[in-house]
Amino acid sequence: AQSVSQHNHHVILSEAASLELGCNYSYGGTVNLFWYVQYPGQHLQLLLKYFSGDPLVKGIKGFEAEFIKSKFSFNLRKPSVQWSDTAEYFCAVGSGNTGKLIFGQGTTLQVKP
Amino acid sequence: ETGVTQTPRHLVMGMTNKKSLKCEQHLGHNAMYWYKQSAKKPLELMFVYNFKEQTENNSVPSRFSPECPNSSHLFLHLHTLQPEDSALYLCASSQDPIAGGSGEQYFGPGTRLTVT
């Protein structure tokens with residue numbers, strides 16, 4: 001069965017620190033990969049996605065993620081976080097030919113001003 | 001963002017009540033989803049509808065009954081719920097990959113359900 005694992009459950013950083021959130025998945029076929037963000041009191045929004053091509057994808061608000069096929073990973077990064085990045089971050093994996101997404105358990109990021 | 005709307009936003013119901021959650025998408029998508037989001041747990045996929053047909057029921061108890069009258073509307077009918085069913089219920093839509101879509105899902109704001 002497909003599964004998605006996010007290693008960090010709760011991350012606390014100071015502003016301007018660098019961020020990397022881990023995401024690993026188990027699925028042997030073609031995958032589409034997503035990071036969603038949920039700001040406090042708001043709905044889930046797409047941060048970035050990977051379908052094919054360049055494994056380094058750039059999303060909104062300075063976020064990027066790198067797909068490493070050999071490691072089944074899709075880690076999220078940002079060089080310098082801001083207080084407004086405080087939110088919950090979800091990694092999700094979809095198989096290539098269905099619309100079904102499997103989500104990780106989420107990582108709560110708290111950025112201290 | 002008004003692509004996917006959900007009503008009501010908050011709902012408190014007793015265990016013997018019957019209520020319904022409504023979801024509407026204005027994006028022209030052909031797939032719709034119900035998820036349950038509980039604290040400290042991953043989003044749990046409940047139901048999937050493609051072109052109004054249910055294609056997935058993720059072992060959801062029968063006290064949750066979905067209905068999809070057309071590609072734009074999705075309901076979740078609730079009856080005789082338990083306190084552990086209290087959670088945020090999220091609706092999402094997408095363009096089905098089989099129909100040429102990317103599979104990217106767009107989420108509504110959710111209904112915060114409390115069962116007393």
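Just add up the charged neighbours of B:HIS79: K/R +1, D/E -1, any other residue whose Cβ is under 14 Å from the Cβ of B:HIS79.
Neighbourhood net charge equals +1.
Given the options B:SER86, B:SER38, B:SER59, state which has the largest fluctuation in a GNM of chain B using a 10 Å cut-off (strictly under) for Cα springs.
B:SER59
Would you mind computing the Rg to Rh ratio of the stretch A:14-56 from its alpha-carbon coordinates, Kirkwood style for Rh?
1.03
Quick check: Cα centre of the stretch A:43-93 to Cα centre of the stretch B:1-77, how many Å?
Cα centroid of the stretch A:43-93 versus Cα centroid of the stretch B:1-77: 27 Å apart.
Could you work out, residue by residue across B:24-31, how many beta carbons of other chains sit within 10 Å of that residue's beta carbon, and then give the average as an integer?
If you average over the peptide's residues, the count of other-chain Cβ atoms is 1.
Just counting partner chain Cβ atoms within 10 Å, what average do the residues of peptide A:44-57 show around their Cβ?
So the per-residue partner count for this stretch is 2.
About its Cα centre, what dipole magnitude does chain A give when the only charges are +1 on Lys and Arg Cβ and -1 on Asp and Glu Cβ, stated in debye to the nearest 20?
Here the size comes out at about 160 debye.
Quick one: net charge of A:ALA65's neighbours, Cβ under 14 Å, K/R +1, D/E -1?
Summing Lys/Arg as +1 and Asp/Glu as -1 gives +3.
Note down the relative contact order for chain A as a percent, whole number, built from C-alpha pairs under 8 angstrom at least six residues apart.
Taking the mean separation of contacting Cα pairs over the length of chain A, I get 37 percent.
Please compute the modelled spin-label separation between A:GLU20 and B:HIS26, points set 7 Å along Cα→Cβ, answer in nm with one decimal.
Distance between label points: 4.2 nm.
If N is the number of residues in the stretch A:47-113, what value comes out of its Cα radius of gyration divided by 2.2 N^0.38 Å?
1.20
Given a cut-off of 29 Å, name the pairs among A:LYS71/A:LYS112; A:LYS49/B:LYS52; B:LYS19/B:LYS41; A:LYS69/A:LYS112 whose C-alpha atoms lie farther apart than that in the structure shown.
From A:LYS71/A:LYS112; A:LYS49/B:LYS52; B:LYS19/B:LYS41; A:LYS69/A:LYS112, over 29 Å: A:LYS71/A:LYS112; A:LYS69/A:LYS112.
Suppose R0 equals 25 Å; then what is the FRET efficiency for B:SER65 and B:MET15 from their Cβ-Cβ distance, rounded to the nearest 0.05?
So, using R0 = 25 Å, E works out to roughly 0.95.
Are there any GluC sites (Glu not before Pro) in the stretch B:1-97 that are in a DSSP loop and have at most 16 other Cβ atoms within 10 Å? List them by number.
Filter output for the stretch B:1-97: B:GLU1.
Please list, short to long, the whole-number percent of alpha-carbon pairs of the stretch B:34-73 in consecutive 5 angstrom bins beginning at zero.
Per 5 Å bin, starting at zero, the Cα-Cα P(r) for the stretch B:34-73 comes out as 6, 23, 27, 23, 15, 5, 2 percent.
Compute the Rg to Rh ratio over chain A from the alpha carbon atoms, using the Kirkwood formula for Rh, and round to two decimal places.
Reported Rg/Rh, Kirkwood definition of Rh: 0.96.
Which are the unpartnered cysteines of the protein assembly as shown, meaning those with no other cysteine Cβ under 4.7 Å from their Cβ?
Lone cysteines by the Cβ rule: B:CYS68.
Tell me the chymotrypsin sites (Phe, Trp or Tyr not before Pro) within the stretch B:39-103 that lie in a loop according to DSSP and have at most 16 other beta-carbon atoms within 10 Å.
B:PHE51
For q values of 0.18, 0.21 Å⁻¹, compute log₁₀ I(q)/I(0) with the Debye formula on a Cα-only model of chain B, without solvent.
-0.86, -1.16
To the nearest whole number, what is the average tally of beta carbon atoms from other chains within 10 Å of the beta carbons of peptide A:88-95?
Mean shielding count: 2.
Using only Cα positions of the protein assembly as shown, each an equal point scatterer, no hydration layer, compute I(q)/I(0) via Debye at q = 0.15, 0.17 Å⁻¹ and quote the log10 values to two decimals.
Per q value, in the given order, log10 I(q)/I(0) is -1.01, -1.25.
Read the figures in this text as sums done on the coordinates, not as results from a lab. What you see is a predicted model, and the numbers here were worked out from it, not measured in a lab. Neighbour counts are summed over all protein chains in view; Cβ atoms, including those assigned to glycine, are modelled from backbone coordinates with ideal geometry.
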